[in-house]
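J.: This is the structure, below, for whatever I ask next.
The values are calculated or read from the model by the stated rules, or taken from the named source; none is laboratory data. Here the structure is a predicted model, which means the values were calculated and not measured. Using ideal geometry, Cβ is built from the backbone for each residue, glycine included, and neighbour counts are taken over all protein chains shown. Heavy atoms of the whole protein, side chains included, go into the accessibility calculation; ligands, DNA and RNA do not. Shrake-Rupley method; radii C 1.70, N 1.55, O 1.52, S 1.80 Å.
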Amino acid sequence: MNVLVIGGGAREHAICKAVCTGEADLYAVMSNVNPGIRRLATDFYLQRETAVDKVVEYARRRHIDLAIVGPEAPEEAGVTNALADEDIAVASPSREAAEIETNKEFMRSLMDRHRVPGTLKTRAFSDPVKAREFIELLDGEVAVKPVGLTGGKGVRVAGDHLHGVADAADYARRVIEERIGGGSRVLIEEKAVGEEFTVQAFCDGLTILPTPAVQDHKRLLPGDAGPNTGGMGSYSHASGILPFMDRNDYEGSVAILQRLVDALRDEGRPYHGVIYGQFMLTAEGPKVIEINARWGDPEAMNVLPLLKTDLVKLCLAMVDGTMSRKKMEMHRLSTVCKYVVPEGYGSKPLPGIQIKVDERAIEEAGGQLFFASVNERDGGIYTTTSRSLAVVGLAEQISAAERMCEEGLGHVRGGHIFIRHDIGTPALLQQRIDHMRSLRC
Ligand code: AMP
Ligand code: GLY
């Protein structure tokens, strides 16, 4: 079977590795030469992932049977629809179903229309004066978000980045006037207080198969300081839930994902692919922060290495709606993933810096290496302006997985790189547990 993976990041490297554990022949479309994907693939095509016609033509030429779209931008551009029109099985949602991620206003209104639990007070505005009135109504305790895609970097939250009503209203006005996120509309949301977590699930339009909960770290700097990023690292626990939550919290979030999938189907947008729920665990239970129409990055790296079941088989079941008959098996291990990013990432990243990685030593330590937005040329690996590579440790306990991850990171060398070393450490985990306990008391 010829399988095409679209995207050149660490998430896609993880997808490619999982595809290659089975019988499939791997093909790739990516806009950077990801060295990990290049080595696994029978062939790759260096191309913008949103160039619909070119991607489809490549898929046709290579006789692709199954395609998996990694990032959201090609879904929004219609790559999934165009490949499906060529009778290629695509284990990713159509443009219409992916609107659950690409249009945050649609996601909230879908939740309202179908009375899905776990939503927040939200309204969208094109008029800065009306946006300000709503911010005042919520006493400035808001998150201000562009309605469209910003790669996770356009959201500003009261207390973290916005200080008071005037500040929030000013950013809302900028989002509208400068068309941040591609449109002149802003979403004002009630601020949720708690601990964030992610649940990703395989979905065949009807049934979902949820995977272990993961906690990502969006903020750039240790102690959750600094600007939001695409995600600096993440961890999961062998039990499938996280140390600050209980089984009910997890089941509650899975039920929300199922309700969303049902709502999409009812509205004629059946969802086939991996659905990603980002939740805030509040004193009142899980609340939806955002829904993504794909694997998370980094969260894919916590879950995919645990899969015992062949990913390609799961993908085919997602496409043809037969997933309820498949049983998914996973290794019961904890994982810790940390990203290496170029110095200045989040503000002024330094591209073109060489990174030296001893892959063999990382594997000997039991870890796994996933290349992200780097370029390989003349036998060397060079940074771009985005995240460079991720190292994952896997062990029974989070603490051992964290030590394995750090040992692996010891085999990555480069003059101008940055890592959030506090991710997955006992001290940070304890802070999360204490935070949740104080909210619940
Ligand atoms: P998003 O791109 O929607 O995932 O937002 C980026 C980050 O902003 C999230 O990971 C949260 O930490 C924060 N955030 C977004 N929406 C809210 C909200 N309504 N309440 C509190 N924090 C939020
Ligand atoms: N980890 C956040 C995302 O994938 O959007």
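J.: Find the residue count for the range 180-235, including only residues that are surrounded by 23 or more Cβ atoms within 10 Å (Cβ to Cβ), within 13 Å of ligand 2 (Cβ to nearest atom) and outside any loop (DSSP other than H, G, I, E, B).
T.: 10
J.: Another question, if that's okay. Could you grab me the full set of residues in the range 367-389 that are without any contact (Cβ under 8 Å) to a residue 60 or more places away in the chain and either under 24 Å from the mean Cα position of the chain (by Cα) or buried (at least 24 other Cβ atoms within 10 Å of the Cβ) (or both)?
T.: Listed by number, the residues that qualify are Gly367, Tyr382, Thr383, Thr385, Ser388.
J.: Please go through the range 262-293 and give me each residue that is closer than 13 Å to Phe202 by Cα and either among the charged types (D, E, K, R) or within 12 Å of the chain's Cα centre (by Cα) (or both), ordered by number.
T.: Listed by number, the residues that qualify are Val274, Ile275, Tyr276, Gly277, Asn292, Ala293.
J.: Which one is nearest to ligand 1 (Cβ to nearest atom) among residues in the range 253-284 that are in a strand (DSSP E or B) and under 22 Å from Ile15 (Cβ atoms)? Please lay out each step first, then the result.
T.: Taking the range 253-284 first, the residues in a strand (DSSP E or B) are 272-282.
Okay, now just the ones that are also under 22 Å from Ile15 (Cβ atoms), so 272-278.
Working: His272: 23, Gly273: 19, Val274: 16, Ile275: 15, Tyr276: 10, Gly277: 11, Gln278: 5 Å.
This residue is Gln278.
J.: Next up: Could you check the range 344-366 and list, in sequence order, the residues that are of a type in the set (Val, Ile, Thr) and either under 14 Å from His13 (Cα atoms) or touching a residue at least 60 places away in the same chain (Cβ under 8 Å) (or both)?
T.: Ile353, Ile355
J.: Search the range 281-301 for residues that are open to solvent by 10 Å² or more (accessible area, probe 1.4 Å) and pair each with any residue that is part of a strand (DSSP E or B) and more than 10 Å from ligand 2 (Cβ to nearest atom) when their beta-carbon atoms are under 6 Å apart and the residues are at least 6 apart or on different chains.
T.: Short answer, once both residue conditions are applied: Pro286/Phe279; Lys287/Met280; Ile289/Met280; Trp295/Val274.
J.: Something else: Counting only residues that are open to solvent by 10 Å² or more (accessible area, probe 1.4 Å) and touching a strand residue (DSSP E or B) at 6+ places or on another chain (Cβ under 8 Å), how many does the range 69-89 have?
T.: Number of matching residues: 5.
So that you can scan it fast, the table gives a plain yes or no per residue for (1) surrounded by fewer than 23 Cβ atoms within 10 Å (Cβ to Cβ); (2) under 21 Å from Val303 (Cβ atoms):
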position: Val341; (1), (2): no, no
position: Gly352; (1), (2): yes, no
position: Lys356; (1), (2): yes, no
position: Glu359; (1), (2): yes, no
position: Leu394; (1), (2): yes, yes
position: Glu402; (1), (2): no, yes
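J.: Another question, then. Let me spell it out: the conditions are (1) over 30 Å from Leu66 (Cα atoms); (2) outside any helix (DSSP H, G or I); (3) open to solvent by 40 Å² or more (accessible area, probe 1.4 Å), and Glu105 meets all of them except one. Which number is the exception?
T.: It is condition (2) that Glu105 fails.
J.: Looking only at the range 108-121, count every residue that is in contact (Cβ under 8 Å) with a residue 24 or more places away in the chain and either more than 26 Å from Gly140 (Cβ to Cβ) or out of contact with any Ser or Thr (no Cβ under 9 Å at 6 or more places or on another chain) (or both) and tell me the total.
T.: 8
J.: Oh, and also: Could you list all residues from the range 139-152 that are more than 8 Å from ligand 1 (Cβ to nearest atom) and surrounded by fewer than 21 Cβ atoms within 10 Å (Cβ to Cβ)?
T.: Asp139, Gly140, Glu141, Gly148, Leu149, Gly151, listed by residue number.
J.: Which residues, counting only those in the range 47-68, are open to solvent by less than 20 Å² (accessible area, probe 1.4 Å) and more than 17 Å from the chain's Cα centre (by Cα)? Before you say what the answer is, go through the steps one by one.
T.: Going residue by residue through the range 47-68, those that are open to solvent by less than 20 Å² (accessible area, probe 1.4 Å) are 51, 55-56, 58-59, 64, 66-68.
Ala51, Val55, Val56, Tyr58, Ala59, Ile64, Leu66, Ala67 - these are the residues of the range 47-68 that are open to solvent by less than 20 Å² (accessible area, probe 1.4 Å) and more than 17 Å from the chain's Cα centre (by Cα).
J.: Follow-up question, since we're still on this one. Taking the range 139-159, which residues are in a loop (DSSP other than H, G, I, E, B), touching a residue at least 40 places away in the same chain (Cβ under 8 Å) and more than 12 Å from ligand 2 (Cβ to nearest atom)? Give the steps one after another, and end with the answer.
T.: Filtering the range 139-159 down to residues in a loop (DSSP other than H, G, I, E, B) leaves 139-141, 147-155, 159.
Filter again for touching a residue at least 40 places away in the same chain (Cβ under 8 Å), leaving 141, 147-149, 151-153, 155.
Passing the criteria: Glu141, Val147, Gly148.
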